[in-house]
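Here's the structure, in structure tokens; my notes come after.
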Amino acid sequence: MNPSRIAASPLILVVILIAVFTSDAAAQSKPVLFKNATIIDGSGRVAFSGDVRIKGGKIVKIGTLKQSSDDEVIDATGLVLSPGFIDIHNHSESGLLAEGTAANQVSQGITTILVGPDGGSPFPIKDYFDKLNGRIAVNVGAFIGHAEVREQVMKNDYTRKATDNEIARMTELVKRSMKEGAFGLSSGLEYDVGFSATTEELISLSRTAAKYHGIYMTHMRDEEEGMLDALREAIRIGRDAKLPVQISHIKMGNRNVWGKSADAIALIEEARKTGFDITADAYPYTAWASTITVLVPSRKHEDRNEIATGLSNVGGADKVLVTSCSAHRDYEGKTLEQIAAMKNTSPVDIYIQIVKDGGKP
Ligand SMILES: [Zn+2]
């Protein structure tokens, strides 16, 4: 589960069933027979080979099937046939409004996405669903974001503990969101708005999510040196609030903890053995993306030593790629090392400049 340990996975070609065959037009069309597919049915059963017939927009038979004269046959030899994938950690909140076909998701075989991870979500959830209604090609669910409700209540004054009264008001917003269909509470405790929240605040809000059968999904407080403690905190929140926990993009985030993923897995397995429902997701690639300021966990964004350490901890300035920077579009697609060379300065100076100029995508 440690991304740095996952070798490049073999490219799996997926034929997408659901997206292609649920339209009315498909329902009218003639039967389709997929021959010789490697079938992964999503039940947990291991892959098996076989044929699948679709008729009237529905799967009517799976097995070794004979071709009939009105079948449209698709040779699926060497291909995986699977129901659509569920992407539990998706940031397409605004993207879906702009481009409802979601071709970037559908073409990867993803047919259901969950938005609102990392503590940031649409609000109110119902208004968001209303806007999407009838305009999108994928199934969408949403989490209510902890940072979202925290900001609704505390406005810009969020770098402190919330008062009991504020927590009570946040709880009301979580309750409302759960009633509007949220799947649970998400948090992003490494980011500024969530960072000052106490574990107790998260337990309180999670209890409300639990009442409506929600789960707690978290980008933990620390994915680096403090990763294991952050994982213990997530488990405590789930246990005290009595709801399942999903660890987002589990990773050992810097070189000081690389190689220690087994300790994290052991913690999770230990908790699962007691019957506690905790799961985790991981990127299928050996990199991660975030706002640049997470490189300096102390938040001293002008402290040259801290910045140098932060850059070295992730493997060096040549490993930090700027993908999006509204203040400096010419930096996009380049590493901090390349930008520094271009500007005849140091990566540390480039970091300071980017953060000063907003550090925003
Ligand atoms: Zn995240």
* Within the accessible area of region 248-361, what % is carbon and sulfur when the probe is 1.4 Å and the other protein chains stay in place? -> 50 percent
* Å² per residue, accessible surface of region 32-126 at 1.4 Å -> 51 Å²
* Considering only Cα-Cα distances, which of the following residue pairs are longer than 18 Å: K319/K356; K242/K273; K35/K55; K155/K242; K300/K334? -> K319/K356; K155/K242; K300/K334
* Structure fact -> If unit charges are put on Cβ atoms (+1 for Lys and Arg, -1 for Asp and Glu) and the dipole of the chain is taken about its Cα centre, the option from N313, V296, V193 lying farthest towards the positive end turns out to be V193
* Structure fact -> Counting only protein heavy atoms and leaving out ligands, DNA and RNA, the solvent-accessible surface of E200 at a 1.4 Å probe, in Å² to the nearest 10, equals 100 Å²
* Asked: Where does the chain land on the Kirkwood hydrodynamic radius, alpha-carbon pairs, in angstrom?
  -> 22.8 Å
* With every protein chain present, what accessible area does S69 have (1.4 Å probe, heavy atoms only), rounded to the nearest 10 Å²? -> 120 Å²
* **Net charge of neighbours whose Cβ lies under 11 Å from the Cβ of A76, counting Lys and Arg as +1 and Asp and Glu as -1** => -1
* Could you work out, for region 246-361, what percent of all Cα-Cα pairs fall into each 10 Å distance bin, beginning at 0 Å and stopping at the bin that holds the largest distance? => 13, 39, 27, 15, 6, 1
* What full-extension length gain, to one decimal in nm, is calculated for E302 and N139 as 0.36 nm per residue of separation minus the Cα-Cα distance? -> 54.3 nm
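Of all the accessible heavy-atom surface of region 73-194, with the other protein chains kept in place and a 1.4 Å probe, what percent is carbon and sulfur?
Of the solvent-accessible surface of region 73-194, carbon and sulfur hold 51 percent.
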* Structure fact -> To the nearest 0.05, the calculated FRET efficiency linking A262 and Y212 through their beta-carbon distance, R0 being 35 Å, is 0.50
* To do: Kindly report, to the nearest 10 Å², the accessible surface of L96 as traced by a 1.4 Å probe over protein heavy atoms only.
  => 10 Å²
* Ranked by accessible surface with a 1.4 Å probe, highest first, in what order do H213, H91, H301, H146 come? -> H213, H91, H301, H146
* Straight-distance crosslink candidates among aspartates and glutamates, where the alpha carbon sits under 19 Å from K260 and sequence neighbours closer than 8 are dropped -> D222, E223, E224, E225, D229, E233, E269, E270, D281
* Structure fact -> Applying the gyration tensor rule to the Cα atoms of region 17-174 (axes a ≥ b ≥ c; rounded if a/c under 1.5, else prolate if a/b exceeds b/c, else oblate), the class is prolate
* To do: Note down the magnitude of the dipole of region 166-319 about its Cα centre, charges +1 on Lys and Arg C-beta and -1 on Asp and Glu C-beta and zero elsewhere, to the nearest 20 debye.
  => 480 debye
* To do: Could you sort 218-224, 274-280 so that the peptide with the highest average Cβ count within 10 Å comes first and the rest follow in order?
  => 218-224, 274-280
* Asked: Accessible area per residue of region 197-246 at 1.4 Å probe, in Å²?
  -> 38 Å²
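The values are calculated or read from the model by the stated rules, or taken from the named source; none is laboratory data. No experiment lies behind these values; they were computed from the predicted model shown. Neighbour counts run over all protein chains shown; Cβ positions are idealised from the backbone, glycine included. Remember, those area values only see protein heavy atoms, side chains included, never the ligands or the DNA or RNA. Shrake-Rupley method; radii C 1.70, N 1.55, O 1.52, S 1.80 Å.
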